[in-house]
Every structure is written in structure tokens, then in C-alpha cells.
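Report on one structure; see the data block that follows.
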Amino acid sequence: MSPPLLIRGGRVIDPANGMDARADVLLRDGKVAAVGPDLRADGARVVDATGQWVVPGFIDLHVHLREPGEEGKETVLTGARAAVAGGFTAVVAMPNTRPVNDTTLVTELVLSRARAADLCRVYPAGAITRGLKGEELTDHGDLMAAGCVCITDDGRPIMSASLMRRALQWAQQFDVPVMVHEEDLTLSAGGAMTAGEVGTRLGHLPIPPSAEVAMVARDVVLLEEVGGRLHIAHLSCEGSVRLVREAKRRGLRITAEAAPHHFRLDHAAVEEHGTHAKMNPPLRLPSDVRAVQEALADGTVDAIATDHAPHGPADKLVEFDKAMNGIIGLETALPLTLELVHAGKLSVSRAVELLTAGPARVFGLPGGQLGVGAPADVTLVDPEARWTVDATRFFSRSRNTPFHGRSVQGRVTHTVVGGHIKYRNGEVGGSL
Amino acid sequence: MGNLLSIAGWDRAALEAFFPRADAHLALLGNPSRPTPLAGRWVASLFFEDSTRTRVSFEAAATSLGLHVMNWSAKGSSVSKGETLLDTARNVDAMGPAAIIMRHPSSGAADLVARHVRCAVLNAGDGTHEHPSQALLDCFTLWKRWGGFAGRRVAIVGDVLHSRVARSNTLALRALGAEVVLVAPPTMMPAGVEALGASATHDLDAVLPTVDAVMTLRVQLERQQHAFFPSPREFSRRFCLTEARAARLKAEAVVLHPGPMNRGVEIASAVADGPRSVVMEQVTHGVAVRRALLEMLL
């Protein structure tokens, strides 16, 4: 049994427990043992957190670890390294691997790779439909029993309304959230970026916001009709924000996440960053960015999730319309979130909540808070540290980010998972 | 050595300085003893998409300047073996051309290549983005007529959404001080064209008496499958520049078309071949404009 860990003298921000005060945090046997002033513990290892924030470990509901199948882009190990470097103690791994995580064999493979990596917690997401084809449901109960925490065909929509309705019904038996990538393919077909003046100038054919909004509307209708739990992935535009806000007001079991790129960048980024600003959903208009920011603040959005999507040069150093969608996000999520704090759009505690308790609640995951008995997953942040994002130093195997070279403030200094330091000031390891 | 990727980098002064140079080249076209200042060098003509006018025009311009032209087309090349655009372009670049003249179906393709090769890159049309040499020859044609652009108003009519010609011409005409009105059915009008400095309408008949020139755009008939328009017939009812419509133009107004034409769809034969048409002038001017460009950039 390893010695207790005493994190001393930091500002403990634990929104789930209404705490924001200078305190010590004692971790013992993989749990939070005590939080309070002037804690003592014989034989404890001490981390001096003076001047730092001590917050629950971040939880990312939406990452692509690419294993099995595309290990050249990322593996469970390299993704977990990127995660702890970004302050994440838990990530949810999307099922669009090769093969797809639509059977327990793949679920078990991801879990065994995660155990071997021994860095952060990795929760697999199972597919809603076999092969992500949108035709036949997977065995949701089997996938849940094997360790999946949600089901999703992420990257693809469920185009059949009837199949989506059945998925919401079937999944209810296991109280599993159905996470959806909202995109009406008949509306987005042929498009490469958001409809607007930038796309018009660059000659990239338009994706209208209705491609997302119409599907959110459909699924809210289905949810209301048949019940279940609906989680909207990467909410990106004003119309969707309105629908989710309204559905929540009516008490439907709907949650939503937003990605840092959708609240920090608008379509103008395509001009500067080219394919590194090509996403699905696409970067939207400034009015959409403001709407997502407001949704983060007012609770319409429950969680910040990165949609960490590693791609190599073969997928990005190509014509815009042929490039793959997405960027990596694990190692830049914190400073990008803090930009909203610095701009006065989010309180510190709300920002922390969106990275911790918020996502934990969405999928019912352990952690996300520092109450006694909670998992000993803790992140330390130096809120004053100013640094420049350098993608060449990322722990992720991929480099696809439009944020390379950006000057930011706020940096993860330590990431503690289960009471063990997995990341410390630029170093990742099993026993730091 | 410079690139020609977009009209966006051309301001009014650059355009106004360019037209007399193109005019000087126009005067040399029929002269068999014209100088060949670029002799001994060569350019690669990389067409990933079909073309008649632009390709032949660039080649005629290049050879008349003494350049050798190496022809390449996607059909029968390693593109069919899955070679990427950048690999193709870098390999050609490594053979040492003075320039790559390229047409490609993806918007931004010329810009991508230009950032990864040493030679000059001339964009001969990239997707639905730009076709800068076309805009230069169109504006040169109008400059020859008008001498200047102040107070002039130009309508660009048809499938603006998918038209690189419309984008490049809007930028060039606005830079020159002309007014631009884009006329398209709502399904073929891109968002936010006001940001380009153009106004937008779908009422061609209201626009015609107000303009000094009409540029008709080619309708890509395959777009009908995607319901951008119900039928060529319905499209032409509303947007074809017919004789009756042309009669409502100002007396001196001219009609342009970048080709290839769908006669009877966006332009009636009687107009295309009629007294207002400057289509053949455009084609001739194309060679002069491309000579001027090659001499300037290489």
C-alpha cells in the first residue's frame, strides 16, 4: 500500500460540495480521506500546493483514442498520457475504432489497454448500432455489463428516426445515456464548412446550421415521447442551444456537452488554420460561439468535452474538402476554458464544474468531486502560469491543433489518479 | 517570382497597372517576330479537372513567350494510384519548372500547393473558390471598352454558389470601383455575399436595365440531381439571358460568358453570338492577359 498523499495549502475548488477555500486535501487508499485546514498524516507524502488550485480530476466525456485500428494516430496509452498531461483523470473513449466497439470483445480490449497504461481511468463508449451503420441495434445490455458507460454512434448520426426511437427505448432498461452526433446528412451533404461569409469567400460549400438543429429537434421530440436519457455531443450552434435549454426547462432527461473549439473559435479560424480548423460540427458564426458560451454559464451545457480527435498529416495536409474532421484537445482544454474565466464569461467554480462534476453527473461516473470517500482523483492548476502552446511537445501521438503557438494562462502542474501522481510538471509516469 | 492564387491580393493600383501591360501583350499577339523573353525555361500544366479555354490559353501564352509546356492531366497519372496532391506537386516541382499552372476541383488546392513547392503557382481554377486569370481577362475586356470602372455596374448571373468565376470577378470589380450585383436563384446564392461588397437578388428582370455589363455563368447541369433547380427549363425561364431580356439592357451594355456555354439554358444563342457579346474578345484577351501574368510572375 502506498503512503497517503497530502496536498497542502492550495485553494480547493470543489463545486459539487460548494467548497472554494484554502485547505489541505488528504488522499489515502485511493480515496479522499479528509479536506480541511492544517491536516496531518503520519508518513504522508506532501505536495506543496501554495498558490495553486486543487480541483477534482477533470473528466472528458468525448475522446477518440483510435485503438484498436488507427494506432498511428493515437493509442490508449498515448491518449491517456495526453489526458493526464491535460489534467484529465478520466476519459470516455468513443467507439468508432476499427473494429467498432460494438461487441464486448472490443470493450474488453480497450479496458485491458487502459489497465496496462495505468494512467487515467478510461471508460469505453459502446456503439448504438452494429458497425455504426445505423441499421441494427447493438446489445446495449452486454456492452454496459462489460464496462461501457454510454452508447453512441459518434461521428455519425442515427439518420433513421425510427431506429433512434427504438434505441432510446431499449437503452432505458439499462439507464444508459444515448449520446448523439446530431447531423442530418441530407442537409450537410457536399458541405465543408459553416454557411457564411468566410466559407463564401474561400469557396467552401456550406453546411447549414439546420443540419444540427433539425436533428436535435427530432431527438427532443422522440425523448419526450418515449423517455430515456439523451446526451447531445458537441453542441455547436444557437438553435441547438435554444432547443436544449427549452427541453431542460420542461424537465426532459437531456444533457449536452460543448467542445473548447466551439466556444473559442468561429468560422474565421478556417482562413488562418485551414484543415486544422475543419471540424464536424463545423466552426460556426460568432453569434453561435456566444450562444455556446452562454449555455456553458447558464447550465444548458453540462460539460466541457474535447472531442479529442487525433489525425496525422495524411489526413490533414490535403485539400480542405478531403481533410478529416477534428482536432486534438486534451492538452489545451484547461487554458481554453480559463480564457472564458479571464473574459468574465464564466466563474472559476463554474469552469471547474464543467470539467469535473458536470461530466461526472452526465454519465453517472465516479469522481468529479472531492467529498470524503470520493476517488482520489485530483488535479492541481497553477492559475497564473503563462505559457505558449507547443504541439511538438504534446504527449498525444498527433499534432493536429489550431492552437499551436497560442499564448495562454493557467497550467496543470499535477494530475493525481487514485492517489498516485501520474503527471507532474511536464513528466508523465506510473509512479512520479 | 510570385504566385497567382487569388484576386484577393490585387488592389486597385495593381489592377490598373496590369491592364496596360496586358494591352501591350495583346498588341504583340499577331506579331511573328515578337520577343520570347522566357525562352529556355519551362512550366508544368497540371490539370486535375477538364478544361478547354483556360488550358489552351495558358499554353498558347506560355509557348509564345518561349516557355516549354509540360502537360499533365490527372487521367492516366499516379493520381489514379492514390498519390496525394502534395506528392504530385512536389515531384513535379523537383523537376525544376518555373511554374506550376494548376486547375483542381478542391477549393484552396492551389494555395496548399504554393505553400509546399519552390516554383511559382498559377491558379487556373480551384474548386468553387477562385479563377483569378479569368477575372483579369474579364475585367481587361471591360477596361478596353470603358477605360475605367467608376460608376459602372455589373451583374453576375446564374449559379453563383458554385462559381469561382463569380468570386474572382466580384473581388476584382469591387477593387476597381464598380458595383456588383449577384443574381441567382435562392438555392444558388451563397451566404454573406454582402461581405464581398456585392448586392444580391434573384430578380434578373429588375436588374437588367440598371447594368453596364452582364456576366452569365455556366450552369452545371448535374446540379439538377441535387435539386439546386428543378429543370433547365424552369431555370432558363427565370435566368436565361434571352434576346427579349437583352433588349432591355442599356444600349451600350455588353454580355460576357466565361465558357463553356449551355446555349439556351443560361444564355440564348442569339445573345451569345449577337452584337452585345464580347465572348470571343474575352477568349483572345485571355492569351494576352496570361502572357502578361507569366512575364510578370516568372
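Can you give me the angle between helix B:12-28 and the longest principal axis of chain B, using Cα atoms only, in degrees from 0 to 90, rounded to the nearest 10?
Orientation of helix B:12-28: about 70 degrees from the principal axis.
Can you give the direction-averaged projected area of the convex hull of the alpha-carbon atoms in chain B, in nm²? Walk me through the numbers before you get to the answer.
Values: hull surface 61.1 nm².
Averaging across all directions leaves 15.3 nm² for the Cα convex hull.
To the nearest 20 debye, what charge dipole does region A:57-363 have about its Cα centre, counting +1 at the Cβ of each Lys and Arg and -1 at the Cβ of each Asp and Glu? Could you put the intermediate results ahead of the total?
Details: 30 positive and 40 negative charges, 82 e Å.
Dipole about the Cα centre, nearest 20: 400 debye.
Okay, which of region B:158-181 sit inside 15 Å, backbone N to the point 7 Å along the Cα-Cβ direction of B:THR187?
Correct set: B:158-162.
Run lengths n ≥ 4 of DSSP H only: what is the helix-derived mean residue ellipticity at 222 nm for chain A, with -39500 (n - 2.57) per run over all residues, to the nearest 500? All intermediate terms of the calculation are to be shown ahead of the outcome.
Values: 15 runs with 134 residues, N = 432.
Value at 222 nm, helices only: -8500 deg cm²/dmol.
Nearest 5 is fine: what % of DSSP beta bridges in the protein assembly as shown come out antiparallel, could you say? Please report the intermediate quantities before stating the final value.
On the way: 34 of 98 bridges.
Of the beta bridges lying entirely in the protein assembly as shown, close to 35 percent run antiparallel.
What FRET efficiency do you get for A:ALA314 and B:LEU297 if R0 is 30 Å and r is their Cβ-Cβ distance, rounded to the nearest 0.05?
Details: r = 31 Å, r/R0 = 1.03.
Step by step, r from the Cβ atoms, then E = 0.45.
Lys/Arg Cβ at +1, Asp/Glu Cβ at -1, dipole of chain B taken about the Cα centre: which of B:PHE229, B:ALA98, B:LEU182 is farthest positive-ward?
B:ALA98
Averaged across B:80-88, how many Cβ atoms of other chains sit within 10 Å of each residue's Cβ atom?
Working: counts 0, 0, 0, 0, 6, 4, 5, 0, 0.
Across B:80-88, the average partner-chain Cβ count within 10 Å equals 2.
Compute the projected area of the convex hull of the Cα atoms of the protein assembly as shown, averaged over all viewing directions, and report it in nm² to one decimal place. Display every interim value, and only then the final one.
Details: hull surface 135.9 nm².
The orientation-averaged projected area of the Cα hull of the protein assembly as shown comes to 34.0 nm².
Please give, to one decimal in nm, the separation of the simple spin-label points placed at B:ALA27 and A:HIS404, each 7 Å out from Cα toward the Cβ.
Between B:ALA27 and A:HIS404, the label points sit 5.1 nm apart.
Any aspartates and glutamates with Cα under 15 Å of the B:LYS75 Cα? List them, leaving off those in the same chain fewer than 8 positions away.
B:GLU49, B:ASP50, B:GLU83
Within a 10 angstrom radius of the beta carbon, how do A:LYS133, B:LYS81 rank from fewest other beta carbons to most?
Lowest to highest Cβ neighbour count: B:LYS81, A:LYS133.
Let's test this: bin the Cα-Cα distances of chain A at 10 Å from zero up to the farthest pair and state each bin's percent.
The percentages, shortest bin first, are 5, 23, 34, 26, 10, 2, 0.
Could you tell me which of A:ILE59, B:ALA39, B:GLY148 has its Cα farthest along the dipole of the protein assembly as shown towards the positive end, charges placed at Cβ (Lys, Arg +1; Asp, Glu -1), taken about the Cα centre?
Projecting each Cα onto the dipole axis, the largest value belongs to B:ALA39.
Charges at C-beta only: +1 for Lys and Arg, -1 for Asp and Glu. How large is the resulting dipole of region B:1-147 about its Cα centre, in Debye rounded to 20? Can you show the working numbers first?
Details: 14 positive and 13 negative charges, 65 e Å.
The dipole magnitude comes to about 320 debye.
Mind checking which of A:VAL178, A:VAL352, A:THR194 is farthest towards the positive end of region A:57-363's charge dipole, using Cβ charges of +1 (Lys, Arg) and -1 (Asp, Glu) about the Cα centre?
A:VAL352
Between B:ASP273 and B:GLU194, what FRET efficiency comes out of the Förster formula 1/(1 + (r/R0)^6) with R0 = 45 Å and r the beta carbon distance, rounded to 0.05?
Values: r = 35 Å, r/R0 = 0.78.
Result of the calculation: an efficiency of 0.80.
What's the average, rounded to a whole number, of partner chain beta-carbon atoms within 10 Å of each residue's beta-carbon in A:322-331?
Mean inter-chain Cβ contacts per residue within 10 Å come to 1.
Run the quick spin-label model on A:GLN172 and B:ARG53: label points 7 Å from Cα toward the beta carbon, then report their separation in nm to one decimal.
6.2
What ranking, highest mean first, results for peptides A:172-180, B:231-239, B:205-213 when packing means the other Cβ atoms within 10 Å averaged over each residue? Can you show the working numbers first?
Working: A:172-180: 20.0, B:231-239: 15.3, B:205-213: 17.0.
Result, highest mean Cβ count within 10 Å first: A:172-180, B:205-213, B:231-239.
In nm, give the distance between the simple-model label positions of B:GLN224 and A:SER210, each being 7 Å from the Cα along the Cα-to-Cβ direction.
Reported label-point gap for B:GLN224 and A:SER210 is 2.4 nm.
When the helix-only estimate is applied to chain B (DSSP H runs of n ≥ 4, each -39,500 (n - 2.57), divided by the residue count), what is the mean residue ellipticity at 222 nm, nearest 500 deg cm²/dmol? Spell out each step's value before the answer.
Details: 11 runs with 112 residues, N = 298.
-11000 deg cm²/dmol, from helical runs alone.
Cα axis of helix A:333-342 to longest principal axis of chain A: angle in degrees, 0 to 90, nearest 10?
Helix A:333-342 sits roughly 90 degrees off the main axis of chain A.
If you take each beta carbon of peptide B:101-111 and count the beta carbons of other chains within 10 angstrom, what is the mean? Don't skip to the answer; put the middle values down first.
On the way: counts 0, 0, 0, 1, 3, 9, 10, 11, 5, 0, 3.
The shielding value for this peptide is 4.
Is there a quick way to get the dipole size of region A:88-142? I mean about its Cα centre, with the Cβ of Lys and Arg at +1 and of Asp and Glu at -1; what is the value in debye to the nearest 20?
Details: 6 positive and 7 negative charges, 53 e Å.
Rounded to the nearest 20 debye, it is 260 debye.
Against the longest alpha carbon principal axis of chain B, how many degrees, from 0 to 90 and to the nearest 10, is the axis of helix B:53-64 turned?
Relative to chain B, helix B:53-64 is tipped by roughly 40 degrees.
Can you give the relative contact order of region A:57-363 as a percent, counting alpha carbon pairs under 8 Å and 6+ residues apart? Each step should come with its number before you reach the end.
Values: 677 pairs, mean separation 51.4, N = 307.
It comes to 17 percent, rounded to a whole number.
Please give me the summed charge of the neighbours of B:MET261: other residues whose Cβ is under 12 Å from its Cβ, Lys and Arg +1, Asp and Glu -1. Before the final figure, lay out each step's value.
Values: positive: B:ARG53, B:ARG218, B:ARG263; negative: B:GLU266, B:ASP273.
Within the 12 Å Cβ shell, the charges total +1.
Would you check region A:57-363 for Lys pairs whose C-alpha atoms are within less than 21 Å, ignoring same-chain pairs closer than 8 in sequence, and give me the count? Display every interim value, and only then the final one.
Working: A:LYS73/A:LYS278; A:LYS73/A:LYS316; A:LYS73/A:LYS322; A:LYS278/A:LYS316; A:LYS278/A:LYS322.
Here the count comes out as 5.
Read the figures in this text as sums done on the coordinates, not as results from a lab. Source: prediction; values computed, not measured. All Cβ positions, glycine included, derive from the backbone under ideal geometry; neighbour counts span all protein chains shown.
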